[in-house]
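Q: Before I ask anything, let me first share the structure, which is written out below as C-alpha cells.
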Amino acid sequence: MSLSPTALLAAEKSSGGGSAIFQLFFFGLIFVAMYFLLIRPQRKRAKDAQELVRAVQIGDEVQMSSGFIGFVTGFDEDDSAGSVVWVELVEGVEVRALKSAIVRRIEVRTEVAAVESDDSDDSDK
C-alpha cells in the first residue's frame, strides 16, 4: 500500500495550513508577552521618573543617582530649561546637579520626630 507522489504532496499542503496559522498565533503571543514584560514596565518607570523630576521642590530630601543624599536648596536661575538644582549634602556644602540625577524623594517621618520630642519633654520633668 504505497501512496503516489501527488497524494503525498496533497497531504503536505493540507497539514501546512494549520501550522502556518499556529505560527502566526505563536509570534503574536510572543509580541504580546514582550509588551507586557518589557515595554510597558519601562514606560511606567520613565513616566514615574518624569513625574518625580517635575515634583521636586525646595526643601525636599532627595537621593541622587550617585548615592548622595541631600536637601534641595534651590534651582539654578542661569539655566533656562530649569533642569539644574542646588543640593546641600552637609551643612555648608552645596553641589549643582541635574534634576534627572534625582532617583527618589526621601519621606521624613514626622510622627517619629514628634514622639521623640514628647519623650524628651517627659524626661525633663
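The values are calculated or read from the model by the stated rules, or taken from the named source; none is laboratory data. No experiment lies behind these values; they were computed from the predicted model shown. Counting neighbours? That spans all protein chains shown, and the Cβs are built from the backbone with ideal geometry, glycine included.
Q: Kindly provide the set of residues from the range 33-71 that are among the charged types (D, E, K, R), in a helix (DSSP H, G or I) and modelled with pLDDT of 90 or more, ordered by number. Break it down stepwise before answering.
A: Residues of the range 33-71 among the charged types (D, E, K, R): 40, 43-45, 47-48, 51, 54, 60-61.
Now restrict to residues that are in a helix (DSSP H, G or I): 40, 43-45, 47-48, 51, 54.
Residues satisfying the conditions are R40, R43, K44, R45, K47, D48, E51.
Q: Which numbered condition in (1) assigned to a helix (DSSP H, G or I); (2) of a type in the set (A, V, I, L, M); (3) more than 20 Å from E107 (Cα to Cα) is the only one that A81 fails?
A: (1)
Q: Could you count how many residues in the range 69-82 are free of Cβ contacts under 8 Å to residues at least 24 places away in the same chain and either in the same structural domain as A49 (by TED's automatic domain parsing) or out of contact with any Phe, Trp or Tyr (no Cβ under 9 Å at 6 or more places or on another chain) (or both)?
A: 6
Q: L37 fails exactly one of the following numbered conditions: (1) farther than 25 Å from E91 by Cα; (2) in contact with a strand residue (DSSP E or B) (Cβ under 7 Å, 6 or more places away or on another chain). What is the number of that condition?
A: Failed condition: (2).
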